[in-house]
Structure formats: C-alpha cells, structure tokens
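Take a look at the structure below.
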Amino acid sequence: MKRISIFVSGNGTNLQRIAEYFKDNQEVEIVNVVCNNPKAYAIERAKNLGIPLRMITKKEFNSQEFTEEMKALNLDLIVLAGFLWKIPSSLIQAHPQKIINIHPALLPKYGGKGFYGEHVHEAVVAAKEAHSGITVHYVDEVYDNGEIILQAHTKLDPNETPDTLAAKIHKLEQAYFPVVIETIINN
C-alpha cells in the first residue's frame, strides 16, 4: 500500500482530482489532508471525500513535533497541491525525494517567493511569453528550486489574459498531476 499526504491552502481542485484518480486503486491510500487555511474550500472537499483532515498553524507546522507526526505516518509521498507555506528543512530531511509540488509556470521562470496563483499568470501575460505551463518538481529548501520531474506546455494566444491562462494551466494540472504522482509512487 502506497501512502500519500496532500497539503493544501485553497480551493482544493487538485486534491479532488487526485482523490478521484486513485479512488478505485487498492494500492494507494490518501492518509490525510494537511491544511493551513481555515477558510479553504479544500476543507469541504476533504470532508466530502472522507479523507482525514489535519488543520495546522504556522507554529505547529515548523515544529519538530509535526515532522515526527508526519514521519509516523510512514508516507511514500507528500503532495503539495496549492500549499503556500515554505516547507521546513526538518520535514524535507525526514522525507528526502518524497515531497513534490506543482507550480503553475515553466520553472525556473516565474518561480520563487511571491509567485503563486494569479501572480504567476499576470507576470507571464505581462511579459508576453509565447508559452507557459506547469512544472512538477521535488521540494528542497529553496522555493521552486527542486529537481524537475515533468513540465507540460501550453501556447499563449495573442489576446491571452491571466484568467484565460489560468484556465489552460488548470487543465494541464488536472491532466498531468495524478499521472505523475502514480509514476513516482510506482517506481
């Protein structure tokens, strides 16, 4: 049995997609959802999906106790699905090459502190890029810096807006993220 924890901060559409993708797979268990935002719609999604929810404060998240709590779950993978806090070194060291993130741009461009969600799409459109996409990568101690696992591209139209680009990126996330997770846990 492969054990996954999913960290969320927002709407939880990737959480929903991942859970639906693996729901009939007897070899994969989403053991919990860790959420740092009490207003996140992902909380409702976790409840509706019947996945245990762990709400966390910044102080708890950065504590050695939380790292030990996560280690005790014997996880095969931690998936950051729209999680907006920097992962503490202790958690990274406890789960080497077992924490992945999805970023809504083609790293190394438009990555780092402050580049998330609509901020990324606004910057890409303002720069008149020809392409954007998603990057799934391993997490290390630097924002959006870890080894790239997969990138998927989309072309920007001449009249592209941040909202239309966000919709294209969302489709890429929904299509590729669960497949990448499955590949990682099966290797």
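Please treat every number below as a calculation from the coordinates, not as lab data. Keep in mind the model is a prediction, meaning the values are calculated, not measured. Here the Cβ positions follow ideal geometry from the backbone for every residue, glycine too, while neighbour counts run over all protein chains shown.
Observations on the model:
- Rounded to 5, percent antiparallel among DSSP beta bridges of region 2-186: 40 percent
- Gain upon complete extension [T161, K39; 0.36 nm per residue less C-alpha separation]: 41.2 nm
- Taking a sphere under 13 Å around the Cβ of L165 and counting the other residues whose Cβ falls inside, with K and R at +1 and D and E at -1, yields a net charge of -3.
- Amide H to amide H, with H built 1.01 Å from N, I99 comes under 5 Å of I78, V139, counting only residues 5 or more places away or on other chains.
- FRET efficiency, N186 to E141 (Cβ-Cβ, R0 25 Å, nearest 0.05): 0.40
- Extending 7 Å from Cα along the Cβ direction at S63 and again at Q97 yields two label points whose distance is 3.2 nm.
- Per residue, the chain reaches -11000 deg cm²/dmol at 222 nm when only DSSP H runs of four or more residues are counted, each adding -39500 (n - 2.57).
- Share of Cα-Cα pairs in the chain lying beyond 23 Å, as whole percent: 40 percent
- Across all C-alpha atoms in region 119-158, the radius of gyration and Dmax reach 12.0, 37 Å.
- For the chain, the residue among T57, S89, V34 whose Cα projects farthest onto the positive side of the dipole built from Cβ charges is T57.
- Virtual paramagnetic centre 7 Å along Cα→Cβ of K71, amide N under 19 Å, in region 2-34: 3-5
- Under a 5 Å amide H cut-off, with hydrogens placed 1.01 Å from N, F83 pairs with S9 among residues at least 5 apart or on other chains.
- Between Y21 and K128, the C-beta separation translates, for a Förster distance of 35 Å, into a calculated FRET efficiency of about 0.50.
- Sequence-distant residues sharing a close amide H with V28 (under 5 Å, placed H): K2
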